[in-house]
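Participant: Okay, handing you the structure first.
The values are calculated or read from the model by the stated rules, or taken from the named source; none is laboratory data. All values reported here derive from a predicted model rather than from experimental measurement. We place every Cβ from the backbone using ideal geometry, glycine too, and count neighbours over all the protein chains shown. Remember, those area values only see protein heavy atoms, side chains included, never the ligands or the DNA or RNA. Shrake-Rupley method; radii C 1.70, N 1.55, O 1.52, S 1.80 Å.
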Amino acid sequence: SLASTAITCFTRGLDLRKGTEDVLCPANCPLWQFYVFGDGVYASLSSVCGAAIHSGVITNTGGAVRVQTLPGQEHYPAVNANGIQSQVLSRWASSFSVTAGTKSTALEAVGRSVSTARPSTGKRPKKTLDKKAGNKDCKADIAFLIDGSYNIGQRRFNLQKNFVGKVAVMLGIGTEGPHVGVVQASEHPKIEFYLKNFTATKEVLFAIKELGFRGGNSNTGKALKYTAQKFFSLENGARKGIPKIIVVFLDGWPSDDLEEAGIVAREFGVNVFIVSVAKPTTEELGMVQDIGFVDKAVCRNNGFFSYQMPTWFGTTKYVKPLVQKLCSHEQMLCSKTCYNSVNIGFLIDGSSSIGESNFRLVLEFVSNVAKAFEISDIGSKVAAVQFTYDQRTEFGFTDFVTKDKVLSAIHSIQYMSGGTATGDAITFTTRNVFGPVKDGPNKNFLIVLTDGQSYDDVRGPAAAAQKAGITVFSVGVAWAPLDDLKDMASEPRESHTFFTREFTGLEQMVPDIIRGICKDFLDSKQ
């Protein structure tokens, strides 16, 4: 029969069993992830689909390929072709070549894979659907950061893969359950697969089995920082409101520093766990740069985020306790960040001394601050009030729950023009704007923007706002008296008071205000 086997992006020549085999490559394999050695004749270590694209047999839309096993070569050259850079390899035991498969084989393979994908009627299809959904009680997007360094070596690398596979099975991966991906740390980090690539345990297990050992220094810090910054984007499959977790596997100790990476991960709202295996013995401690490396990298140094296994052998009993930790989402203390867990109220002076064009600069400032935050129904929220002698709520915290809508609402605020009663305006905002959200999960901030002396007392209303749990930043322009600004600001007043002579100076303050909000947020969490 001419039926061909559907393979993955990562299947290598040495994974195929027959001398001549017809295979079907999937579409959209990430070109930069391919390992290909040689040109025309490829070392059996190479990815089959990578070699097929490299040699021009198929494109990245996938297709049928015939693979012919060949004897080993003394030398495989490096050639850049069709978007893939093949690598040099000297001497390998076996090789393969690729030619175009026939159309009929492709069709048959597609037909076959479709029919196996659906449960045949009569055999309880309901069960399959539940299995597809996965374990809905475990809410997590997880990157396994595996150790691919010379520290661990090929033999233990395979044991590590087995362990990660067992954890993946027990997690209950599925469309509505946990999603996982893998990054390999060695000299340079390599994302092996993303959260979006597979949502079934079977596929994940296959991809884990296919992982090749890279070797090199264990630059875990570099890999952790890279993973925290690059892995969890929405386009790579991260889901809104689901805890982001990196499980770092470390054999022995890292070659580089983990402290900065730990800080970056916390800033990005990622919960870092460290599984340390065969931790340094007394005689090895002299070689370890920083004995406290675990404490510096984990989300919180409270014991929950660190996990130890004495060796890579006989690790089955360690699977379940680790999975229980990964699935306890109420313990994921690092998921909340200043970007996704704050309410920011802007109190905007609309008095006649400002004038229409400067008022536009004020709105520009407001929207640049708002832009930095993750605004959504489950994230940060923004509200705005304009005041003269009167107050007008432009929009409240729950009126707009997307960033685009908030920014366009700021843009369409109409200038009132009138007097200046800042104290009354603070009281109004505390009661009407912050009142409805005071028991919510987010931390509350009020940014007061004014260009002049208030006709009423600001100290009392500001103290009441702070007592109600609102952190106040005061931003003064032009004639705003420094005493008033300091009286309104939260402690320490120096870091919560801002002033500029000209309205054009507001722009430079944006990063400092954002940093101030984040600092207060973190200080409140310690």
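Participant: Rank Gly435, Thr398, Asn340 by how far each Cα sits towards the positive end of the charge dipole of segment 328-447 (+1 on Lys, Arg Cβ; -1 on Asp, Glu Cβ) and give me just the farthest.
Facilitator: Asn340
Participant: Follow-up. Of Val510, Gly303, Gln160, which is farthest along the charge dipole of the chain in the positive direction, counting Lys and Arg as +1 and Asp and Glu as -1 at C-beta?
Facilitator: Among Val510, Gly303, Gln160, the one farthest towards the positive end of the dipole of the chain is Gln160.
Participant: Going 7 Å from the Cα of Gln229 in the Cα-to-Cβ direction, what parts of segment 165-194 have a backbone nitrogen less than 15 Å from that spot?
Facilitator: 188-191
Participant: In the chain, what percentage of the DSSP-assigned beta bridges are antiparallel, given to the nearest 5?
Facilitator: Roughly 35 percent of the beta bridges in the chain run antiparallel, per DSSP.
Participant: Please calculate the 1.4 Å probe accessible area of Glu356, with all protein chains present, and give it to the nearest 10 Å².
Facilitator: We get 100 Å² for Glu356.
Participant: To continue, here is another question. Taking the Cα-to-Cβ direction at Ala463 and at Ser408 and moving 7 Å from each Cα, how far apart do the two end points lie in nm?
Facilitator: So the label points at Ala463 and Ser408 sit 4.5 nm apart.
Participant: Tell me the mean residue ellipticity at 222 nm calculated for the chain from its helices only (DSSP H runs of n ≥ 4, each -39500 (n - 2.57), averaged over every residue, nearest 500).
Facilitator: Taking each H run of at least 4 residues, the total per residue is -9500 deg cm²/dmol.
Participant: Any idea what angle helix 153-171 forms with the longest principal axis of the chain, computed on alpha-carbon atoms, 0 to 90 degrees, nearest 10?
Facilitator: With both axes taken from Cα atoms, the answer is about 60 degrees.
Participant: At 1.4 Å probe size, put Tyr42, Tyr150, Tyr194, Tyr35 in order of accessible surface, largest to smallest.
Facilitator: Tyr150, Tyr35, Tyr194, Tyr42
Participant: Separate question: Given +1 on the Cβ of Lys and Arg, -1 on the Cβ of Asp and Glu, and no further charges, what dipole in debye does segment 141-331 carry about its Cα centre, rounded to the nearest 20?
Facilitator: The dipole magnitude comes to about 620 debye.
Participant: How much of the accessible area of the chain, in percent, comes from carbon and sulfur atoms when a 1.4 Å probe is used?
Facilitator: 53
Participant: Rounded to the nearest 0.05, what FRET efficiency do Asp295 and Val169 give with R0 = 30 Å and r taken as the Cβ-Cβ distance? Could you check?
Facilitator: Efficiency, rounded to the nearest 0.05: 0.50.
Participant: Going from most exposed to least, what order do Glu284, Glu507 have by accessible area with a 1.4 Å probe?
Facilitator: The residues order as Glu507, Glu284, largest area first.
Participant: So how much slack lies between Gln68 and Leu31, counting 0.36 nm per residue of separation and subtracting their Cα-Cα distance, in nm?
Facilitator: In short, 11.1 nm is gained.
Participant: Please give the contour-minus-distance gain from Arg493 to Lys525: 0.36 nm per residue of separation, less the Cα-Cα distance, rounded to one decimal in nm.
Facilitator: 9.5 nm
Participant: Let me ask something else. Hey, rough spin-label estimate for Glu203 and Arg431, points 7 angstrom out along Cα→Cβ, what's it come to in nanometres?
Facilitator: 5.6
Participant: For a Förster distance of 22 Å, can you work out the FRET efficiency between the beta-carbons of Ile378 and Glu330, rounded to the nearest 0.05?
Facilitator: 0.90
Participant: Just the accessible area per residue of the chain, please: how many Å² with a 1.4 Å probe?
Facilitator: So the chain comes to 46 Å² accessible per residue, rounded to a whole number.
Participant: Once the dipole of the chain is set up with Lys and Arg at +1 and Asp and Glu at -1 on Cβ about the Cα centre, which of Ala480, Asn444, Gly221 lies farthest towards its positive end?
Facilitator: Gly221
Participant: Any idea how far apart Thr398 and Asn82 come out in nm if each label point goes 7 Å out from Cα toward Cβ?
Facilitator: 5.7
Participant: If you don't mind, another one. Suppose R0 equals 60 Å; then what is the FRET efficiency for Ala478 and Lys196 from their Cβ-Cβ distance, rounded to the nearest 0.05?
Facilitator: The value I calculate is 0.75.
Participant: How big is the charge dipole of the chain about its Cα centre, in debye rounded to the nearest 20, if each Lys and Arg gets +1 on its Cβ and each Asp and Glu gets -1 on its Cβ?
Facilitator: Rounded to the nearest 20 debye, it is 2980 debye.
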